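Report on one structure; see the data block that follows.
The values are calculated or read from the model by the stated rules, or taken from the named source; none is laboratory data. All values reported here derive from a predicted model rather than from experimental measurement. Neighbour counts run over all protein chains shown; Cβ positions are idealised from the backbone, glycine included.
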Amino acid sequence: MRKGFCFLVCLMVASVFLCSNASEDPKIDNLRKEAEEKYIELSKQADAMMKEPITVPIPPSTSVSCPSEANSQSLSDFQEMFNAPEGPLCANMLEMQRQLELLGAEPSYEREIALMGRLGQKALSLISDFGTEVEKVPAIAMVAIQTASSIQLLGSDEADVSGALMNATAAMYDKAIDELFRLLVEKHDYGTVQSILDAAQASLLLSSASGVNTEAILNRLQEALHFELTVNYYFEQTDNHRWVEQAVLDVTSVFEDDESGRIFGSGSGNLLSFVWDDSPETSVTAPDFPVEAVFEDFRPCDSSVDLLLTPFHPLSETLHSDDESMDWPLLKISWETAFADNLQESGLYQFSLALRNLDATAVSETLEYSVPNNEVTMEILLVHKPQYWNKDAEGPQ
């Protein structure tokens, strides 16, 4: 009895399943037919498009040193313009292919590959026609790399269009580096430093045939980021004692280990003069003193830089009056008083300064401290004096 009941249940389940499949098959067939019809229509559009000449849009010029929101919008608009009409049509065809595959069809991507090949030719034309204009490189590189990646994702690239795109883009970046150096050296566009490093890295990543030599790039940057730093220190006491100190240092970039991008220099400071109006015969002597200066957080696009400076005063000061001499460390006292808030745990004094991009005088600031009977003024002047290293020459130019 129980065996008969189980057999009856199995028959009922089987019949329900068969009926269900029978009812769903027409729906699946209809969906597949609808997708096939849409794909056929898209294929006709693709065939017609393949007969049309390729049109290449003009890439926008964008900042190569300090990107802005306007840059981002311009690049986004160009990407859309570049992709049309091949890109959207290819995307629609791939979506139909995905649906047909889910419905049991075997996909074939000949037309999609052909459409992406047109985009590849369009990108190669951009590089050929506009790749030497450094302001257009960001837009061209964006669409070229995107197109190469899309071609690779399709999985069939017998003509190696993606490889040609990668190599051409790498070569474009390599050539752009020279122009970026020119802007840094001649126009004092300090924002190009990061662009130079980014372009070198991109070229190396895109192609094994890249002509970029990392060590040579860093050497050129060290020569290009060469400055003269002048620090003048004036101290006046009781309206009739006046001291003047000065240090002039060569400072240049350091691209080693964890000091990458810092601008460093060392040298000597000295007491230029001392005047006591009421006692002209009185003098002060002091030995030259060591000075170290480090510019870090060099942010030209934010117009700011930090200076770290060793204590700016002689290690000893001697007052000479009549036949007597005495220790008289007033410069030391004035410095430590005026800039107490700038002292760091490292023993260096930190000053946040305004950085002038596109100006040979990168920094020109005057810091002042005043209390009754004592006035301190410090002038900081950083002048760009590049020793440009041309990669095709044998030494600094």
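Apart from one condition, PRO67 fits all of (1) in the same structural domain as ILE145 (by TED's automatic domain parsing); (2) at pLDDT below 95; the exception is (1). Taken over the range 319-340, residues that are more than 18 Å from PHE235 (Cα to Cα), out of contact with any strand residue (DSSP E or B) (no Cβ under 8 Å at 6 or more places or on another chain) and modelled with pLDDT of 95 or more amount to 0.
Within the range 354-373, take every residue that is at pLDDT 95 or above and more than 19 Å from LEU307 (Cα to Cα) and give me the one that is surrounded by the most Cβ atoms within 10 Å (Cβ to Cβ). Full working, then the answer.
Taking the range 354-373 first, the residues at pLDDT 95 or above are 354-370.
Imposing the further condition that a residue be more than 19 Å from LEU307 (Cα to Cα) reduces the set to 358, 370.
Values: LEU358: 14, SER370: 11.
Filtering first and then ranking leaves LEU358.
Residues in the range 196-223 that are modelled with pLDDT under 95, of a type in the set (Gly, Ala, Ser) and part of a helix (DSSP H, G or I): ALA216 alone.
Of the residues that sit in the range 143-161 and are hydroxyl-bearing (Ser, Thr, Tyr) and surrounded by fewer than 22 Cβ atoms within 10 Å (Cβ to Cβ), which one is modelled with the lowest pLDDT?
If we filter the range 143-161 for residues that are hydroxyl-bearing (Ser, Thr, Tyr), which is where we start, we get 147, 149-150, 156.
Still in the list and also surrounded by fewer than 22 Cβ atoms within 10 Å (Cβ to Cβ): 149-150, 156.
Numbers: SER149: 94, SER150: 93, SER156: 80.
Among those that are hydroxyl-bearing (Ser, Thr, Tyr) and surrounded by fewer than 22 Cβ atoms within 10 Å (Cβ to Cβ), it is SER156.
As a summary of the residue check, ASP47 satisfies the conditions (1) assigned by TED's automatic domain parsing to the domain that holds LEU183; (2) surrounded by 12 or more Cβ atoms within 10 Å (Cβ to Cβ) except for the one numbered (2).
Going through the range 237-254 one residue at a time, which ones are of a type in the set (Asp, Glu) and farther than 14 Å from TRP335 by Cβ?
If we filter the range 237-254 for residues that are of a type in the set (Asp, Glu), which is where we start, we get 239, 245, 250.
Those that are of a type in the set (Asp, Glu) and farther than 14 Å from TRP335 by Cβ: ASP239, ASP250.
Within the set LEU272, LEU218, the sole residue that is of a type outside the set (Val, Ile, Thr) and closer than 23 Å to GLU379 by Cβ turns out to be LEU272. Name the single residue, out of those in the range 162-193 being small (Gly, Ala, Ser) and more than 20 Å from the chain's Cα centre (by Cα), that is surrounded by the fewest Cβ atoms within 10 Å (Cβ to Cβ). Checking each candidate, the answer is GLY163. Residues in the range 101-112 that are surrounded by fewer than 19 Cβ atoms within 10 Å (Cβ to Cβ) and not polar (S, T, N, Q): GLU101, LEU102, LEU103, GLY104, ALA105, GLU106, PRO107, TYR109, GLU110.
Looking at the range 249-334, the strands (runs of 3 or more DSSP E) lying wholly inside it that each contain 2 or more residues that are closer than 22 Å to SER346 by Cα sit at 262-276, 289-299, 304-309.
Residues checked against (1) β-branched (Val, Ile, Thr); (2) closer than 30 Å to ASN219 by Cβ; (3) out of contact with any helix residue (DSSP H, G or I) (no Cβ under 9 Å at 6 or more places or on another chain):
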| position | (1), (2), (3) |
| --- | --- |
| THR252 | yes, yes, no |
| ARG262 | no, yes, yes |
| GLY265 | no, yes, yes |
| SER273 | no, no, yes |
| GLU281 | no, no, yes |
| VAL291 | yes, yes, yes |
| ASP302 | no, yes, yes |
| PRO314 | no, no, no |
| ASP322 | no, no, yes |
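Residues that are among the small types (Gly, Ala, Ser), out of contact with any Leu (no Cβ under 9 Å at 6 or more places or on another chain), surrounded by 16 or more Cβ atoms within 10 Å (Cβ to Cβ) and under 27 Å from SER207 (Cβ atoms): does the range 130-138 have at least one? Yes, the range 130-138 has at least one match. Within the range 88-142, the set of residues being touching a Pro at 6+ places or on another chain (Cβ under 8 Å) and modelled with pLDDT of 95 or more comprises LEU126, PHE130, LYS136, ALA139, ILE140. Restricted to the range 82-99, and to residues there that are over 14 Å from VAL143 (Cα atoms) and either in contact with a His (Cβ under 7 Å, 6 or more places away or on another chain) or among the aliphatic types (A, V, I, L, M) (or both), the residue that is surrounded by the fewest Cβ atoms within 10 Å (Cβ to Cβ) is ALA91.
Looking at (1) closer than 30 Å to ASP278 by Cβ; (2) not assigned by TED's automatic domain parsing to the domain that holds PRO300; (3) not small (Gly, Ala, Ser), find the lone condition where GLN237 falls short. Every listed condition holds for GLN237 apart from (2).
Could you name every one of the helices (runs of 4 or more DSSP H) located completely within the range 67-131 that has at least 1 residues being farther than 27 Å from LYS44 by Cβ and either free of Cβ contacts under 8 Å to residues at least 60 places away in the same chain or within 24 Å of the chain's Cα centre (by Cα) (or both)? Write out each step before concluding.
Working: elements: 69-83, 86-102, 110-130.
Qualifying helices (runs of 4 or more DSSP H): 69-83, 110-130.
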